[in-house]
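Visitor: Below is one structure. I have some questions about it.
Laboratory data are not the source of any read-out in this text; all were calculated from the coordinates shown. Computed from a predicted structure; not experimentally measured. We place every Cβ from the backbone using ideal geometry, glycine too, and count neighbours over all the protein chains shown.
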Amino acid sequence: MFSLIWHSIIRRKVLSLSTIATVALSTGILFALYLLNIGVSAGLETGKSRLGTDLLVVPSGSDVNPEDALFTGAPLNVYMARDIESEIKAIPGVQHVSSQFFTQTLSEDCCSLSDATRLIGFDSDTDQVLRAWLKGGIKNTLDPNEILIGSDIQGYSGSEAFILDNKFVVAGVLEPTGTGLDYSILMPVESARRLARANPYLKMLYWDKIGNPEDLISATLVKTDASYPKERIAEVISGLGGVKVIKPSDVLQNVKGQMDVLFMIILGVGLLTAASSGFLLFARFYALVWERKGEWGLYRALGATRRDLKLLVTGEALLLTLAGTLAGVAAGGVLYRSALELLQKQKAFPFIGPSLVPALTGAVMLIVLFSLVGLLSAWFPASRSGRIEPSKAMAIGDID
Amino acid sequence: MLEAVNISKIYGLETVFHEVSLSIQAGESLAITGLSGSGKSTLLSVLGLLLEPNQGKVFFQGQNVSDWHDNEKSRLRNNFFGFIFQYPQLIGSLSVLENILVPARLARRANCKKKAEEVLHDLGMQNRITHLPHQLSIGQKRRVAIARAVLLEPLVILADEPTNDLDPDLAARVGEFLFELPKKGNALILVTHDLSLAQKASKVVRLVNGKVGVSQ
């Protein structure tokens with residue numbers, strides 16, 4: 001039986017290939033969407049639990065995009081006076097503050113990264129955020145020559161890295177956060193300041209103009225008391241002047257809203273394509289049954305049961321949809337990478353790449369779903385084929 | 001082995017044949033003759049369980065198979081009947097060998113390839129195994145159709161005008177091959193208007209006005 005099905009597919013190469021391509025297109029779109037969706041969802045969820053700060057305070061004069069600040073590892077050389085930290089700490093409702101000093105690597109300077117990367121100097125005495133993201137076995141206080149790296153930066157504990165001509169040892173790798181930390185390098189704040197001060201390029205750009213790195217910070221992470229409204233505290237901090245207050249939870253919510261709309265549109269396109277695949281399969285198999293009456297009649301005369309004919313039609317549908325979904329899953333993987341790259345160029349958003357199990361689960365679900373669509377589309381035409389009488393074989397010549 | 005008792009076939013107001021009775025045993029051959037349009041092919045279809053009679057019964061090995069379920073009839077055709085249709089009825093995209101193997105595929109029988117090659121050899125078609133039907137002459141196509149009919153060694157061979165369109169030499173060779181089958185224990189029923197071919201059969205019936213007119 002398989003041989004007969006196979007020959008039927010082969011002898012209509014163009015039709016078969018176009019059917020496979022249509023199914024592959026629908027599957028590819030839906031699979032890529034699925035991967036993107038679980039990546040963004042995981043990023044949003046993890047980001048929500050791991051941003052760890054209620055408010056992020058950055059200099060107001062700089063052109064700081066909240067999404068870039070939170071979700072990318074691109075250099076963010078913004079600075080404000082270090083004194084602001086104590087002013088914020090004094091505001092009622094502020095439970096805890098910890099400041100960071102940002103600088104950057106130069107292109108191709110470190111860790112096999114071709115682009116400049118954000119270096120975050122943090123105060124391990126006051127920091128309460130990073131500790132939550134550290135994988136086990138990392139000591140709380142880093143030595144001056146030790147760094148932590150984000151989960152998306154190549155490296156492992158104990159490996160060495162040269163940053164701005166200084167040798168560092170990787171003391172640990174952060175858990176994925178779905179945020180810009182995944183692409184950042186973290187080190188003791190004094191080490192970051194030392195590197196920044198010693199770099200002539202950064203000196204010319206920043207320190208000669210805005211002051212000594214020792215007197216500057218880039219961002220302050222603020223933890224608020226739950227009994228105080230965050231919005232009110234943010235207003236008071238903004239009132240200090242010279243600063244901009246970012247509420248990470250609002251940024252996440254905003255990104256989620258935008259992504260939801262985008263995914264709904266893509267999902268709509270994917271479902272329409274899937275529906276059109278179903279119609280195409282139905283049309284193909286309806287025409288196939290109609291055009292091949294002589295052949296079905298011959299099979300019936302030679303001993304095929306009605307069930308055999310249904311099996312021939314549905315078997316062909318199943319094989320074509322299987323081939324289409326497998327090709328679609330492969331194409332979806334490629335589409336996912338391209339779409340992710342394109343989206344990340346357009347907008348920064350939290351993202352944690354899907355692991356193998358959910359990706360495989362999605363692929364299997366799509367294969368099962370489209371196989372069902374294929375079977376359902378061919379079911380009615382297959383039933384029609386079963387009605388063909390064996391006597392049809394008597395009056396026809398060769399069957400093309 | 002195969003017996004028809006008082007079978008009739010009616011299409012609308014037209015009676016194709018009426019209360020025809022005939023029978024054939026293993027090792028016998030039966031030729032059905034008659035003018036064009038006399039209902040020979042329809043009678044063959046009813047005998048081969050391709051068509052339902054409006055009246056009467058068909059018995060195979062003593063069992064009334066007229067009332068059998070459609071699936072059972074299909075299996076019966078597949079296992080015990082071999083058909084040679086009026087036209088070769090080959091599937092254009094399948095090679096000669098694949099065409100011959102169709103009944104075996106439907107019967108889910110593997111390992112029939114060797115047997116198919118032997119049959120093709122017997123019919124002088126051993127050099128055409130991989131050819132497609134459009135690469136064959138009409139005579140070669142007919143031989144492929146005959147090979148397909150006899151592949152599974154059916155008890156009954158039903159042939160509809162098997163020598164149509166063949167030149168006299170080839171027609172004689174095909175006739176010779178077919179009439180060898182009863183000698184091996186098969187029953188052969190053939191429809192033909194070629195009287196010289198019909199005369200080789202152990203029984204001849206002539207359909208005239210829907211009735212068996214002459215019996216030999």
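Visitor: Sequence neighbours fewer than 8 away in the same chain don't count; with that in mind, list the lysines whose C-alpha is under 19 Å from A:Lys293.
Guide: Output for A:Lys293: A:Lys310, A:Lys392.
Visitor: Picking from A:Ser391, B:Met125, B:Ala198, whose Cα lies most toward the positive end of the charge dipole for the protein assembly as shown (charges on Cβ: Lys, Arg +1; Asp, Glu -1)?
Guide: Value computed over the given set: B:Ala198.
Visitor: Two-decimal Rg/Rh of the stretch A:141-243 from alpha-carbon positions, Kirkwood Rh?
Guide: Using Cα coordinates only, the ratio equals 1.05.
Visitor: Measure nothing but the geometry: give the 0 to 90° angle between the long axis through the Cα atoms of B:168-180 and the longest principal axis through the Cα atoms of chain B, rounded to 10°.
Guide: 70 degrees
Visitor: May I pose another question? Hey, what's the per residue convex hull volume over the C-alpha atoms of the stretch B:85-216, in cubic angstrom? Please report the intermediate quantities before stating the final value.
Guide: Working: hull volume 15.9 nm³, N = 132.
Normalising the Cα hull of the stretch B:85-216 by residue number yields 121 Å³.
Visitor: While we're here: Less than 13 Å apart at the alpha-carbon level, and either on another chain or at least 8 residues along: which aspartates and glutamates does that give for B:Lys211?
Guide: The qualifying aspartates and glutamates are B:Glu19.
Visitor: Taking 30 Å as the cut-off for C-alpha to C-alpha distance, list the pairs among A:Lys167/A:Lys203; A:Lys167/A:Lys230; B:Lys57/B:Lys184 that go past it. It would help to have the intermediate numbers written out before the result.
Guide: Values: A:Lys167/A:Lys203 20 Å; A:Lys167/A:Lys230 41 Å; B:Lys57/B:Lys184 27 Å.
Flagged as over cut-off: A:Lys167/A:Lys230.
Visitor: Just need log10 I(q)/I(0) for the protein assembly as shown at q = 0.05 Å⁻¹, Debye formula, equal scatterers on the alpha-carbon atoms, no solvent, rounded to two decimals.
Guide: Each listed q maps to, in turn, -0.46.
Visitor: Given A:Ser41, A:Asn199, A:Ile237, which one lies farthest toward the positive end of the charge dipole of chain A, if we put +1 on the Cβ of every Lys and Arg and -1 on the Cβ of every Asp and Glu?
Guide: Projecting each Cα onto the dipole axis, the largest value belongs to A:Ser41.
Visitor: In chain A, which helices (entire DSSP H runs) extend 30 Å or more along their own long axis, judged by Cα positions, while averaging at least 0.5 on the Kyte-Doolittle scale?
Guide: Details: long enough: A:13-50 (53 Å, 0.99); A:248-291 (62 Å, 1.02); A:306-346 (56 Å, 0.59); A:356-386 (43 Å, 1.58).
Those that clear 30 Å and a mean of 0.5 are A:13-50, A:248-291, A:306-346, A:356-386.
Visitor: What spacing in nm lies between the two simple spin-label points modelled at A:Ser238 and A:His96, each 7 Å away from Cα in the Cβ direction?
Guide: 2.6 nm
Visitor: What is the distance, in nm, between label points placed 7 Å from the Cα along the Cα-to-Cβ direction at A:Phe380 and at A:Glu160?
Guide: 7.2 nm
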